[in-house]
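First comes the structure, then the notes that go with it.
The values are calculated or read from the model by the stated rules, or taken from the named source; none is laboratory data. This is a predicted model, so every value here is computed, not measured. Neighbour counts are summed over all protein chains in view; Cβ atoms, including those assigned to glycine, are modelled from backbone coordinates with ideal geometry.
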Amino acid sequence: MAVDLSVEVGSLKLANPILAASGTFGYGLEFAHLIDLNRLGGFVVKGLSLEPIEGAPAPRLCETPSGMLNAVGLQNVGVRAFVAEKLPSLRQFRTAVIANIFGTSVDEYVEVIRVLEDAEGLAAYELNISCPNVKKGGMQYGTDPVLTAEVVSASRKVSRRPLWVKLSPLVTDITAIAVAAVDSGADALTVANTYPAMAVDAVTRKSRLGSITGGLSGPAIKPLTLRLVHLVSRAVKVPVIGLGGIECATDVCEYLLVGASAVQVGTSSFVDPRAILHLVDSLEKRCADVNISKMSELRGALGT
Ligand SMILES: Cc1cc2nc3c(=O)[nH]c(=O)nc-3n(C[C@H](O)[C@H](O)[C@H](O)COP(=O)(O)O)c2cc1C
């Protein structure tokens, strides 16, 4: 049976619902010799800031039961080097390339987008709002609806491309943040980022991460984030992109069933750099096996 895996995220049409998640897929180019990037729904590049960032001290990663902790410290080449050195090579691919963006002030977010607006080859922006606002005492943009509205509306004003907003999972009421982002112009919401966490080596009595604390990802977080996608999908009318702990086609279906239009895959690429491509193949096979011919049959089809 023929399965049409294509999906729409707002005005953006994707060949299939599976994208690589920011920070776990480099700038995409690092994977080009391993997999055919054109077969992905798309990929989100490592978070870009106005100036290059060297990142956090080692160790930056550690395994935890059913998960992984990271504290990379948002290392990146900076938006201008991305445009000059990475984007020209990325333009040869047909797949959707999404730029993940962050800053420590509204002006910084806006400036990063302005630099990208002058360049061709991007399908959308994804705002990472899990960053501290240095002007407002370090409170994260994504933990307060007023700050969320401020950064999203300023970004919206300078963007001609679709604007996705990636939410933080560690908030009291994620729907309040989701509604604030959509009311301020978000075209889609990405749910969600990693969960603040830590791991300790009881022998050395040290944290297992150079930055002491980090973000938890992988299968351990899937039930938590699945619930958030369920809540957000019911609170807003824009498409939701779900991610957290996806390892197999069944996981993808679960996210679609609770309302996601597409998904992203992060930690699985650390286990196997070809995992994301295997997922595209196995999703197609799984759908054919159970007579699902298009993704809209799954989206939001959670039974009561
Ligand atoms: C090593 C690493 C680096 C990450 N860097 C970013 C980043 O730069 N920007 C961002 O929005 N999310 C970043 N994330 C979060 C992932 O994109 C994703 O939201 C999270 O890992 C949950 O998905 P997963 O369980 O499939 O990994 C990073 C995650 C990891 C593991």
**Fill in**
Taking region 141-167 and keeping only residues that are outside any strand (DSSP E or B) and over 18 Å from Ile113 (Cβ atoms), one is left with Thr143, Asp144, Pro145, Val146
**Item:** Residue count for region 8-26, restricted to those that are on the phi < 0 side of the Ramachandran plot and in a loop (DSSP other than H, G, I, E, B)
**Value:** 8
**Prompt:** Just checking, how many residues over region 264-281 are assigned to a helix (DSSP H, G or I) and surrounded by fewer than 16 Cβ atoms within 10 Å (Cβ to Cβ)?
**Reply:** 4
**Complete:** Quick count over region 62-87, residues being within 10 Å of the ligand (Cβ to nearest atom) and assigned to a strand (DSSP E or B), is 5
**Fill in**
Cβ pairs under 8 Å, 6+ apart or interchain, first in region 38-53 and of a type in the set (A, V, I, L, M), second near the ligand (Cβ under 9 Å from one of its atoms) and part of a loop (DSSP other than H, G, I, E, B), ordered by first then second residue, are Val44/Ala21; Val44/Ser22; Val44/Phe25; Val45/Ser22; Val45/Phe25; Leu48/Phe102; Ile53/Leu74; Ile53/Gln75
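Each row is one residue, and each column tells you yes or no for (1) among the small types (Gly, Ala, Ser); (2) closer than 21 Å to Gly42 by Cβ.
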| position | (1), (2) |
| --- | --- |
| Gly73 | yes, no |
| Phe82 | no, yes |
| Val97 | no, yes |
| Glu108 | no, no |
| Leu122 | no, yes |
| Met139 | no, no |
| Thr148 | no, no |
| Ser155 | yes, yes |
**Asked** Within region 81-104, is there a residue that is without any contact (Cβ under 8 Å) to a residue 40 or more places away in the chain and under 25 Å from Gly138 (Cβ atoms)?
**Response** yes
**Item:** Residues of region 224-238 satisfying the condition of being more than 16 Å from the ligand (Cβ to nearest atom) and either surrounded by 22 or more Cβ atoms within 10 Å (Cβ to Cβ) or modelled with pLDDT under 95 (or both)
**Value:** Ser233
**Message:** For region 265-304, give me each residue that is within 16 Å of Leu37 (Cβ to Cβ) and among the aromatic types (Phe, Trp, Tyr).
**Reply:** none
**Request:** Determine which single condition Glu120 fails, assuming it passes every other condition in (1) in a loop (DSSP other than H, G, I, E, B); (2) without any contact (Cβ under 8 Å) to a residue 12 or more places away in the chain; (3) of a type in the set (Asp, Glu).
**Result:** (2)
**Prompt:** Just checking, which of Arg91, Arg39, Arg60, Arg80 is modelled with pLDDT of 95 or more, of a type in the set (Lys, Arg) and under 19 Å from Asp281 (Cα atoms)?
**Reply:** Arg39
**Asked** Just wondering, is there one or more residues in region 202-212 that are within 15 Å of the ligand (Cβ to nearest atom), assigned to a strand (DSSP E or B) and within 27 Å of Glu30 (Cα to Cα)?
**Response** no
**Request:** Considering only region 123-140, state which residues are modelled with pLDDT of 95 or more and either within 19 Å of Ile177 (Cα to Cα) or in a helix (DSSP H, G or I) (or both).
**Result:** Tyr125, Glu126, Leu127, Asn128, Ile129
**Asked** Taking region 27-61 as the search range and keeping residues that are over 16 Å from the mean Cα position of the chain (by Cα) and part of a strand (DSSP E or B), which one is surrounded by the fewest Cβ atoms within 10 Å (Cβ to Cβ)?
**Response** Leu61
**Item:** Filter result (loosely packed, with under 15 Cβ neighbours inside 10 Å and not charged (D, E, K, R)) within region 62-80
**Value:** Pro65, Ser66
**Request:** Provide a single number: the residues in region 239-250 that are buried (at least 21 other Cβ atoms within 10 Å of the Cβ) and either away from the ligand (no atom under 11 Å from the Cβ) or part of a helix (DSSP H, G or I) (or both).
**Result:** 2
**Message:** So for region 88-105 (the condition being away from the ligand (no atom under 11 Å from the Cβ), more than 28 Å from Ala249 (Cβ to Cβ) and not in a loop (DSSP other than H, G, I, E, B)), does at least one residue qualify?
**Reply:** yes
**Asked** Based on what the data block shows, is Ala186 within 25 Å of Val252 (Cβ to Cβ), part of a loop (DSSP other than H, G, I, E, B) and in contact (Cβ under 8 Å) with a residue 40 or more places away in the chain?
**Response** yes
